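Nothing in this text is a laboratory measurement; each read-out follows from the coordinates by a stated rule. The shown structure was predicted, so the numbers you read here are calculated from the model rather than taken from an experiment. Please note: Cβ atoms are built from the backbone with ideal geometry, for glycine as well, and neighbour counts cover all protein chains shown.
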Amino acid sequence: MPTEARTGGDQTPVIEFRDVEKRFGDNVVLKDLNFTVARGERVTLIGPSGSGKTTILRLVMTLEELTGGYIYVDGEPLSHEDRDGKRVPVSKSQQKRLRTRIGMVFQQFNLFPNMTVLENIIEAPVHVLGMSKRDATDKAHRLLEQVGLPDKANAHPTSLSGGQQQRVAIARALAMDPEILLLDEVTSALDPEVVGDVLEILREVAETTNVTMLIVTHEMGFARDVSHRVMMFDGGRVIEDGPPEKIFSHPEHERTQQFLSAVLRD
Ligand SMILES: Nc1ncnc2c1ncn2[C@@H]1O[C@H](COP(=O)(O)OP(=O)(O)O)[C@@H](O)[C@H]1O
Ligand SMILES: [Mg+2]
């Protein structure tokens with residue numbers, strides 16, 4: 001994937017959260033959240049249900065709007081910027097431009113049900129990036145090959161198994177050559193026997209590209225293998241942050257220990 005070409009060698013974080021707050025009504029879900037993710041880094045977010053992991057990914061995907069603070073993508077403000085000490089929204093065009101660099105795969109696949117597999121995959125490359133239909137189609141076929149579904153281009157999502165739908169969703173995200181890939185519990189809705197196939201595809205993406213990944217998963221073996229860093233969340237805050245060997249083998253925080261032993265027991 002040609003991510004190298006657009007990156008250059010600078011040290012600007014690909015993602016930066018600065019004093020991020022997110023509230024739903026009175027419910028403050030994220031508060032004073034600060035972290036950065038470096039180019040090509042793969043970071044897994046772990047933590048109990050309700051700790052704000054999905055919200056973080058949805059904020060980066062601009063599916064939610066933050067209520068305080070700033071998020072930067074490649075150093076550019078994604079939703080709000082500081083202008084003369086005032087927090088003001090960025091232009092829609094800037095947000096749209098930054099969003100094209102970001103792909104997301106959801107727990108529930110979220111394929112467009114009224115479109116074929118091929119149409120699902122070429123939709124954004126054609127309509128958002130302005131790629132020719134022919135190039136997008138060629139690329140879609142290559143991606144379907146890569147995810148092990150070379151003969152499903154004309155199938156409708158409803159005729160596919162969960163594992164197959166998720167592989168299409170991965171192909172759809174990769175079709176945009178994202179600089180950032182967000183994975184939200186992508187195997188949680190799958191039958192156990194197909195989880196390994198989907199994780200294998202993602203491992204290959206991790207090994208063969210420089211795409212920056214933010215991963216939410218309960219698959220701790222996968223997290224340990226592919227991540228450079230693990231962040232443990234509780235109540236919308238990072239309570240522990242470190243390399244997977246450290247977090248999984250020698251967690252410092254009691255809350256992390258409890259969480260991991262509960263997850264690993266399942
Ligand atoms: N659209 C929403 N409206 C209201 N509350 C929400 C919404 N989305 C998430 N929340 C709340 O935000 C908190 C964090 O949720 P979430 O980010 O989904 O956590 P996680 O992914 O770690 O389980 C929860 O308390 C949840 O109820
Ligand atoms: Mg979640």
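For L181, list long-range residues whose amide hydrogen, built 1.01 Å from N in the peptide plane, is under 5 Å from its own amide hydrogen.
Distant-sequence amide H within range of L181: G103, T212, M213, L214.
Give me a comma-separated list of calculated 3J(HN,Hα) values for the range 241-255, in order, Karplus coefficients 6.51, -1.76, 1.60 applied at θ = phi - 60°, integers in Hz, x for any Gly or Pro.
8, x, x, x, 4, 5, 5, 7, 9, 9, x, 7, 7, 4, 4
At 4 °C and 1.567 mPa s, what whole-number value in µm²/s does Stokes-Einstein give for the translational diffusion of the range 150-212, with Rh from the Kirkwood sum over Cα pairs? Each step should come with its number before you reach the end.
Numbers: Rh = 12.5 Å.
Reported coefficient: 104 µm²/s.
On full extension of the chain, what length is gained from S49 through S159, given 0.36 nm per residue of separation minus the C-alpha to C-alpha distance?
On the way: separation 110, 0.36 × 110 = 39.60 nm, distance 3.10 nm.
Full extension from S49 to S159 adds 36.5 nm.
Determine ³J(HN,Hα), in whole Hz, for all residues of the range 95-111 in sequence, where each value follows from phi through the Karplus function 6.51 cos²θ - 1.76 cosθ + 1.60 and θ = phi - 60°; x replaces Gly and Pro.
In residue order, the calculated couplings are 4, 5, 4, 5, 5, 5, 8, 10, x, 9, 10, 9, 4, 9, 6, 6, 6 Hz.
Just for the chain, what percent of DSSP beta bridges are antiparallel, to the closest 5? Spell out each step's value before the answer.
Values: 23 of 40 bridges.
If we restrict to bridges inside the chain, about 60 percent are antiparallel.
Output ³J(HN,Hα) for the range 13-21: one whole-Hz value per residue in order, computed from phi by the Karplus curve 6.51 cos²θ - 1.76 cosθ + 1.60 with θ = phi - 60°, and x for Gly and Pro.
Values, residue by residue: x, 6, 10, 9, 9, 10, 6, 6, 10 Hz.
Binning at 10 Å from 0, report for the chain what percent of all alpha-carbon pair distances ends up in each bin.
Bin by bin from 0 Å, the calculated values are 7, 29, 35, 23, 6, 0.
Taking amide H atoms as placed 1.01 Å from N in the peptide plane, list the residues 5 or more away in sequence, or in a different chain, whose amide H sits under 5 Å from that of I239.
M232, F233, D234
Run down the lysines and flag those whose C-alpha is under 22 Å from the C-alpha of K53, throwing out any fewer than 8 positions away in its chain.
Straight-line reach from K53, under 22 Å: K22, K31, K246.
Order the peptides 203-214, 80-91 from the highest to the lowest mean number of other Cβ atoms within 10 Å of their residues. Could the numbers behind the result be given before it?
Values: 203-214: 17.6, 80-91: 11.3.
Answer by packing, highest mean first, reads 203-214, 80-91.
What translational diffusion coefficient, to the nearest whole µm²/s, does the range 3-104 have by Stokes-Einstein, given a Kirkwood radius computed over alpha-carbon pairs, a temperature of 25 °C and 0.890 mPa s viscosity? Write down the numbers at each step before the final one.
Details: Rh = 14.4 Å.
For these conditions, the coefficient is 171 µm²/s.
Starting from the Cα-Cα distance between E123 and L63, subtract it from 0.36 nm times their residue separation and give me the gain in nm to one decimal. Intermediate results must be reported in sequence, preceding the final value.
Values: separation 60, 0.36 × 60 = 21.60 nm, distance 1.84 nm.
Going from the current span to full extension adds 19.8 nm.
For the range 158-266, what D do you get in µm² per second when you plug the Kirkwood radius from alpha-carbon pairs into Stokes-Einstein at 20 °C and 1.002 mPa s?
Working: Rh = 15.1 Å.
In µm²/s, the coefficient rounds to 142.
Place the peptides 122-130, 229-237 in order of packing, highest mean first, counting for every residue the other Cβ atoms within 10 Å and averaging per peptide.
Numbers: 122-130: 15.7, 229-237: 20.8.
Packing order, densest peptide first, comes out as 229-237, 122-130.
Scan around E81 for amide H atoms under 5 Å from its own, H built in the peptide plane at 1.01 Å from N, and keep only partners 5 or more places away or cross-chain.
V88, V90
What percent of all Cα-Cα pairs in the range 89-200 falls in each 5 Å bin, counting up from 0?
2, 13, 22, 24, 20, 10, 5, 2, 1, 0
Using the Cα atoms of the range 198-238 to build a convex hull, what is its mean projected area in square nanometres? All intermediate terms of the calculation are to be shown ahead of the outcome.
Working: hull surface 13.0 nm².
Averaged projected area of the range 198-238's Cα convex hull equals 3.2 nm².
If packing is taken as the mean number of other Cβ atoms within 10 Å per residue, what is the order of 170-178, 45-53, highest first? Spell out each step's value before the answer.
On the way: 170-178: 22.9, 45-53: 19.4.
Packing order, densest peptide first, comes out as 170-178, 45-53.
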